[in-house]
Amino acid sequence: MLNEGDVGRLLAPFQLGLTPRQVGQLLTYLELLLRWNRRINLTGIRVAEECVTRHFGESVYLARWVQLHGSLLDIGSGAGFPGLALKISFPQLAVTLLEPIAKKRAFLKEVARACGMESVEVRGERLEDFQVPASPFDAATARAVGRLERLVSRAARCLKQGGRLCLWLTREQAGRLGEPQSLIEWDVPISIPLARQREIWVGRRTPLSLAP
C-alpha cells in the first residue's frame, strides 16, 4: 500500500499542496477503491500508482484553477471522480452525487463515511430524471461521459446564473461539444499534467440559458 511520501511524489506534477489530513483522506479513499474494485467494477485501473495520478490527480487538479464553493452536482459519479475527490480539496462544499448503480452508490457512501466527509448526498437518479432543486447548484462536474450536447443542456439548467460546468474531456470529445454558446460560455481549456489528450473544460451558465 502507498504511503504519504508516495502520494506526494506521484502528485508532484499537479502541484496540489494537499494538507496531511487531505492526503490521509486520499489514502483511505484509495484503499477502499482498490478493495471494492476486486468485487465490483469501479474502475478499469487496477494499479495504485495509476489510480493516484489518473483519478485523484486529474480530478483535484481543477482546484488549482477554480475555487469551488456552495453546492456541487456530480453527474454519473461512478467511483466518485471527480465529485467526491474534489470534496477532499473543498471540505465545506455540499456535494450531490448522481449514480444510478446501487453497488456504486454503496461504495460512495462508504468512502464519505470512512473519510469523515459531511454534506455528501448520494442519489440514484440519472441526470435526465433529476429534479432541479429550488436553489440551483453553484457548480456541476462530469468525467468520462457521453452524449455531450444533451449533458451540457441538462446540466446547465441545474446551475445558477454564472454557475460553473466543469467537464473532463479528451480533445476528440471536446471537438464534438457543439453546444450553442447561449448555454455555456467556455473558458480556455485546462491542460492536465501527464495527459497529452485530456483537458478540463470550464464554462459559466449564461443568463440566456435560464429560459426554460
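So the values come out like this:
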| item | result |
| --- | --- |
| Failed item in (1) surrounded by fewer than 18 Cβ atoms within 10 Å (Cβ to Cβ); (2) touching a residue at least 24 places away in the same chain (Cβ under 8 Å); (3) of a type outside the set (D, E, K, R); (4) assigned to a helix (DSSP H, G or I), with Pro100 passing the rest | (4) |
| Close pairs (9 angstrom Cβ cut-off, 6 or more residues apart or separate chains): of a type in the set (Phe, Trp, Tyr) in the stretch 123-151, surrounded by 13 or more Cβ atoms within 10 Å (Cβ to Cβ) and part of a loop (DSSP other than H, G, I, E, B) anywhere | Phe130/Cys158; Phe137/Gly70; Phe137/Cys158 |
| Some residue of the stretch 111-134 being acidic (Asp, Glu) and in a helix (DSSP H, G or I) | yes |
| Pairs where the first residue, in the stretch 16-36, is in contact (Cβ under 8 Å) with a residue 24 or more places away in the chain and the second is of a type in the set (Ser, Thr, Tyr), C-beta under 8 Å, 6+ apart | Leu16/Tyr61; Leu16/Ser89; Leu18/Ser89; Gln22/Ser89; Leu33/Thr43 |
| Check on Leu10, touching a Gly at 6+ places or on another chain (Cβ under 6 Å) and among the aliphatic types (A, V, I, L, M) | no |
| Those residues of the stretch 103-122 which are buried (at least 17 other Cβ atoms within 10 Å of the Cβ) and over 14 Å from Leu86 (Cα atoms), in sequence order | Lys104, Arg105, Phe107, Val122 |
| Count of the stretch 60-77 residues which are within 10 Å of the chain's Cα centre (by Cα) and buried (at least 23 other Cβ atoms within 10 Å of the Cβ) | 7 |
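Here, each number is a calculation from the coordinates, and none is a lab measurement. Computed from a prediction, not measured in an experiment: that's the story for all the values here. So basically every Cβ, Gly included, is an ideal-geometry build from the backbone, and we count neighbours across all protein chains shown.
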